[in-house]
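Presented below is the structure to which this report refers.
Computed from the coordinates by the stated procedures, all read-outs in this text should not be read as laboratory data. The model shown is predicted, which means the values in this text are computed figures rather than measured ones. Please note: Cβ atoms are built from the backbone with ideal geometry, for glycine as well, and neighbour counts cover all protein chains shown.
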Amino acid sequence: MSTLRGSTAVAGIGITPHHKRGTGGPALKLALEAIVAAAEDAGISPADIDGFVSYGSERSEGQKMMPALGTKELRFAALAWSHGGGIPGALNIAASAIATGQAETVVVYRSLSEYDGARLQVDVAQNDTAAQFLVNGLDSPIQMCAINTTRLIEGEGVPAETLKAMAQAGYHHAQQNPAAVGHGVQLTAEKYENSRWISEPYRLFDSSRENDGAAAVILMSAERARDLTEKPAFLLSAPLGTPAGWGPLEGNQNPLWSSGFSSVAKRLWAESGYGPQDVDVAQIYENTTGMGVAAIIDHGFCTLDEAGEFITFDNLIAPDGRLPINTAGGNLAEGFIHGMGLVVEAVRQIRGTSTNQVRGCSLSLMTGGPGDAVVSSALLGTEETL
Amino acid sequence: MSAVFTQEKFRGGIAADDKYWEALADGEFRLCRCAQCGTWMVPAHYRCGACGSWEQVWPLVEPLGTIYSWTRTRMAFPRTEARADDVPFVTALVEVDGTDGARIFGIVVDTGTAPHIGDRVRGEIRPGTEKSFGYPTIEWQLVDAPTPAPGAGSTEGARA
Ligand SMILES: [Zn+2]
């Protein structure tokens with residue numbers, strides 16, 4: 001078990017509205033809004049934040065925000081690889097910094113805006129798409145994910161209905177969350193099935209939305225978090241990694257149906273001392289529904305053969321499903337701040353403040369960007385789970 | 001070498017793989033192997049992680065294989081807008097015969113229907129166009145042969 005287990009906790013969360021693309025204003029300002037909100041939520045001064053950790057192509061660096069936050073001293077700053085795959089890994093980096101005394105109060109955040117950034121899709125992909133994709137008509141992540149998911153459905157026989165279940169679960173939860181972009185949008189089976197194809201096997205509702213916004217969580221030592229807040233969300237484990245045979249291999253990853261979590265999931269359960277059967281609720285990063293389905297399988301909630309039976313709408317919804325997922329709506333229906341909103345929701349479930357609260361929730365999972373060259377997952381728990 | 005792609009090269013991949021495109025520009029389908037232990041290296045890299053050799057060879061490979069996966073793109077995307085008139089078009093990931101399962105992407109010549117995993121294909125080398133950003137490409141054509149069952153020809157590892 002990792003010595004980091006339970007040594008740190010999330011004490012503050014902050015998230016901006018999910019603005020329509022290009023209407024949210026500068027990303028740096030959005031980052032400040034989310035971070036100040038997270039500090040207020042934790043009951044600390046923003047000036048006390050001494051560590052900044054993000055992932056992907058984050059451009060709102062801590063050093064850029066210091067004058068506005070009143071930062072006394074920046075003692076730690078880092079970026080986790082790769083794209084959305086690195087989100088829980090960013091929590092792990094923050095926890096490592098705190099546990100080793102390099103920083104005391106570390107914010108993990110992400111800000112996105114087309115106001116002053118490149119088109120979001122380009123920004124997120126860091127413009128590092130290989131020639132093999134682009135010269136063969138593959139531009140968007142949804143097309144590349146489609147290649148993996150064809151393997152999952154046609155190659156491994158996982159029913160395509162699992163994709164619909166993922167999409168409908170997110171939209172179902174968004175109906176209780178007034179802050180969700182998909183609030184008020186009923187995604188019936190008919191509406192899903194009649195939506196236009198984007199890149200087979202994906203339809204319009206299989207792909208995440210793009211928004212301007214920012215989200216942040218503040219980590220600190222478990223002791224300090226207990227002093228500050230009634231319900232710290234303790235970080236039990238948040239491994240980042242990739243096994244041999246996975247990575248930026250341009251379609252040569254094995255097994256290609258997967259989301260690349262095999263090694264990370266193994267470490268997550270070993271480090272935390274828990275297993276999939278113990279998890280109360282999960283925020284499953286779904287850049288596309290099929291990759292979310294593969295992430296659920298990768299983490300051992302079901303096998304390929306059981307996927308059709310397990311990954312159903314009824315099983316995926318709060319409060320009583322076997323594995324309620326994306327309880328604020330997820331990337332599909334809450335909105336897309338490069339997946340960071342999922343971390344905020346994972347913490348809400350531990351606090352008991354989700355708009356789709358799972359009763360008696362004590363173990364809350366967040367899985368990072370599936371299919372990324374490097375991935376990570378985080379398990380958060382209540383005091384009783386330590 | 002008159003290849004246009006070297007003027008506007010994508011930086012996303014690993015430059016060790018440039019020889020793949022240079023060979024295609026010369027009308028040859030060549031894939032990378034370790035010069036010492038023979039491990040296929042697709043995409044190519046600078047050092048063989050299996051044996052430690054820094055030397056590679058690029059043997060000629062017959063462009064024949066099996067569709068491992070595919071997608072049919074149904075809308076125009078920003079960076080590949082030059083293909084807007086081709087929508088819907090199929091991009092396949094093809095497992096190349098005799099390479100221990102190395103996979104290469106390519107457009108599938110339009111047959112009006114979606115392909116299947118396991119379909120046999122033969123590749124034709126096409127010169128670079130605006131659609132391919134000046135890069136030469138391999139275009140896959142379905143081979144008129146009995147279709148193996150889905151998943152056949154796979155060298156994929158055990159289910160994780
Ligand atoms: Zn070798």
(Q) As a footprinting exposure proxy, order A:His299, A:His173 by other Cβ within 10 Å, with the fewest listed first. (A) A:His299, A:His173
**Q.** Cα-centred dipole magnitude for the stretch B:8-97, charges only on beta-carbon of K, R (+1) and D, E (-1), debye, nearest 20
**A.** 340 debye
Q: Please give the calculated 222 nm ellipticity per residue for chain B, where each DSSP H segment of at least 4 residues contributes -39500 (n - 2.57) and the sum is spread over every residue; nearest 500 deg cm²/dmol?
A: -1500 deg cm²/dmol
Q: Calculate the mean, over all residues of peptide B:75-86, of how many other protein chain Cβ atoms lie within 10 angstrom of the residue's Cβ.
A: 4
Q.
If the only charges are +1 at each Lys and Arg Cβ and -1 at each Asp and Glu Cβ, what is the size of the charge dipole of chain A around the Cα centre, to the nearest 20 debye?
A. 460 debye
**Q.** In degrees, nearest ten, helix A:141-150 long axis to first principal axis of chain A (Cα)
**A.** 50 degrees
Q: Please give the calculated 222 nm ellipticity per residue for chain A, where each DSSP H segment of at least 4 residues contributes -39500 (n - 2.57) and the sum is spread over every residue; nearest 500 deg cm²/dmol?
A: -9000 deg cm²/dmol
Q) About its Cα centre, what dipole magnitude does the stretch B:46-121 give when the only charges are +1 on Lys and Arg Cβ and -1 on Asp and Glu Cβ, stated in debye to the nearest 20? A) 260 debye
Q: Within 10 Å of each Cβ in peptide A:137-149, how many partner chain Cβ atoms are there on average? Round it to a whole number, please.
A: 6
Q | R0 of 56 Å, Cβ-Cβ distance B:Ala15-A:Gln186: FRET efficiency to nearest 0.05 | A | 0.70
Q. Across every pair of different alpha-carbon atoms, what Kirkwood hydrodynamic radius in Å does chain A reach?
A. 20.2 Å
Q. Taking +1 at the Cβ of each Lys and Arg and -1 at the Cβ of each Asp and Glu, which of B:Val109, B:Cys37, B:Ile138 sits farthest along the dipole of chain B towards its positive end, judged by Cα position relative to the Cα centre?
A. B:Cys37
(Q) Running a GNM on chain A with Cα contacts under 10 Å, which residue among A:Met66, A:Met166, A:Met220 ends up with the highest mean-square fluctuation? (A) A:Met66
Q. Shielding of B:100-110 by partners, i.e. mean partner chain Cβ atoms within 10 Å per residue?
A. 4
Q: Quick one: compute the contact order of the stretch A:147-243, relative version, from alpha carbon pairs under 8 angstrom and 6+ residues apart, as a percent.
A: 16 percent
Q) Taking K and R as +1 and D and E as -1, what net charge do the other residues with C-beta under 13 Å from the C-beta of A:Gln63 add up to? A) -1
Q: Rounded to the nearest 0.05, what FRET efficiency do A:Ala160 and A:Ala47 give with R0 = 56 Å and r taken as the Cβ-Cβ distance? Could you check?
A: 0.60
Q. What ranking of B:Lys131, A:Lys191 emerges when the number of other C-beta atoms within 10 Å of each C-beta is taken as an exposure proxy, fewest first?
A. A:Lys191, B:Lys131
Q.
What do you get for the angle between helix A:27-42 and the principal long axis of chain A? Use alpha-carbon atoms, 0 to 90 degrees, nearest ten.
A. 60 degrees
Q | Percentage, to the nearest whole number, of Cα pairs in the stretch B:4-142 over 17 Å apart | A | 62 percent
Q: Putting +1 on Lys and Arg Cβ atoms and -1 on Asp and Glu Cβ atoms, find which of A:Gln132, A:His19, A:Gly247 reaches farthest to the positive end of the dipole of chain A.
A: A:His19
Q: Net charge near A:Pro370: determine it from the other residues with C-beta under 10 Å of the C-beta of A:Pro370, scoring Lys and Arg +1 and Asp and Glu -1.
A: -3
Q: Please give the helix A:161-174 orientation as an angle from the longest Cα principal axis of chain A, in degrees from 0 to 90, rounded to the nearest 10.
A: 40 degrees
Q: Post the alpha-carbon centroid distance, the stretch A:170-231 to the stretch A:39-111, in whole angstrom.
A: 23 Å
Q | Mean separation of Cα contacts under 8 Å, 6 or more apart, over the residue count of chain A: relative contact order % | A | 26 percent
**Q.** Karplus 3J(HN,Hα) series, Hz, for the stretch A:231-244 with 6.51 cos²θ - 1.76 cosθ + 1.60 (x for Gly, Pro)
**A.** 10, x, 9, 6, 8, 7, 6, 8, x, 10, x, 7, x, 4
